[in-house]
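Here is the structure we will look at, set down as structure tokens.
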Amino acid sequence: MNSSGHGTNTTANIVDGTYGFVTEAFVSDDQHVWRADNGATDHMTFDDTLFVSFENFAEPKPVRVGNNAVILAYGCGRIDVEMYVNGKWVPSFLSNVWYVPELSVNLF
């Protein structure tokens, strides 16, 4: 973690010869941690306060999570983020981020 409270960590898990990677971007609180999930079909967050724009879905959409449970997404929108590129933090955004309040982490 650097002096501004940012840092990154990448880990690899090997199961039956298959690699799975998780990358985390750390900031000063877990609410703003985003995890790369190569199994996620959409960006997802549990925190509705992060949205700068948001639209409710006409009907909640099912999301199947890692333990095979199905939870619901209620809408989607845009979230402003900072990305660490070439040694510096750059403003950016994620679009079409689904709001899934039962998640415990943010996924991209």
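Read the figures in this text as sums done on the coordinates, not as results from a lab. Predicted model, so just to flag it, every value in this text is computed and none were measured. Cβ: placed from backbone, ideal geometry, glycine included. Neighbour counts: every protein chain shown.
With 10 angstrom as the radius, rank 93, 51 by how many other C-beta atoms surround their C-beta, starting from the fewest.
Going from sparsest to densest Cβ surroundings: 93, 51.
What does the charge add up to near residue 79, with Lys and Arg as +1, Asp and Glu as -1, over the other residues with Cβ less than 15 Å from its Cβ? Mind showing how you got there, number by number?
On the way: positive: 35, 78; negative: 42, 47, 48, 55, 80, 82.
Here the charged neighbours net out to -4.
On a full-extension model of 0.36 nm per residue, what is the gain between residue 83 and residue 58, subtracting their alpha-carbon distance, rounded to one decimal in nm?
The span from residue 83 to residue 58 would gain 5.8 nm if fully extended.
Find out how many positive minus negative residues lie around residue 101, taking Lys and Arg as positive, Asp and Glu as negative, among other residues whose Cβ is under 9 Å from that of residue 101.
With Lys, Arg at +1 and Asp, Glu at -1, the neighbours total -3.
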